[in-house]
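The following block contains the structure, expressed as structure tokens.
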Amino acid sequence: MTNEQKPKQKMGFTIIKDDPTDGHKGFGIGSLSLENVSPVIIDVDEGLAKIEIGAMHARSDTERGIKFTLNREDSAGGKPYWLVWVTIDFKEDGPFYAGVTACEMVVNREKRRGYKVLADHVNRMDKSMKRHIMVADMDDKSKKILAEFLSSHNKEMWERSEAKLHADLVV
């Protein structure tokens, strides 16, 4: 079998699994678990939202092969995207969307250039993990796409989520 025939192996991994202390004391105590955080990428033009685990390490299909800069002109004419960090938590009656934060991204495939503020992406992931809802920066079309995605992905989790999430995503 030649290299051309083999499907490319995709490797997914969790940064910190379950209980970081796992019975021993010392290194890792108080570490945040990233286990319940998922990156959702919204393609605004296509009207699509999908989970892209690779975005945890800035290696999603959307980001691959793109050189990102802080200069919007570098990616002029590119497609708008939103990277949304979704954190799931649990209540007595079940899981819910606890933290939802959105970060802007522009990708110009032709130029192989993109715009994003990496520090903002990291800070918003942290805010999501701390159970914040931050979607006010999103345009109406993107809010609608996200609301439809979250509710169709798991209706019960959507219904158990905070009223603020529902209110902030109303168009």
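Mean projection of the alpha-carbon convex hull of region 51-90 over all orientations, in nm²?
3.7 nm²
Normalised by the empirical 2.2 N^0.38 Å for globular proteins, what value does the Cα Rg of region 88-171 take?
After normalising by residue count via 2.2 N^0.38 Å, the value is 1.21.
Averaged per residue, what accessible surface does region 75-115 expose to a 1.4 Å probe, in Å²?
44 Å²
Of the cross-linked pairs Lys79/Lys155; Lys141/Lys164; Lys127/Lys164; Lys79/Lys116, which ones have a Cα-Cα span greater than 21 Å in the structure shown?
The answer is Lys79/Lys155.
Something else: Could you sort Ile88, Ile53 by accessible area so the largest value comes first, with the probe set to 1.4 Å?
My answer, sorted largest first, is Ile53, Ile88.
Please give the net charge around Leu150, taking every other residue with its beta carbon less than 13 angstrom from that of Leu150, where Lys and Arg add +1 and Asp and Glu add -1.
0
Taking the convex hull of the alpha carbon atoms in region 30-137, what volume per residue do you get, in Å³?
Per-residue hull volume (Cα only) is 110 Å³.
Enumerate the whole-percent occupancy of each 5 Å bin, from 0 to the last occupied one, for all C-alpha pair distances of region 79-132.
Percent of pairs per bin, in order: 5, 20, 22, 17, 13, 10, 7, 4, 2, 1.
The values are calculated or read from the model by the stated rules, or taken from the named source; none is laboratory data. Nothing here was measured: the structure is a model prediction, and the numbers come from that model. Counting neighbours? That spans all protein chains shown, and the Cβs are built from the backbone with ideal geometry, glycine included. Quick note on the areas: whole protein, heavy atoms, side chains included, nothing else; ligands and nucleic acids left out. Shrake-Rupley method; radii C 1.70, N 1.55, O 1.52, S 1.80 Å.
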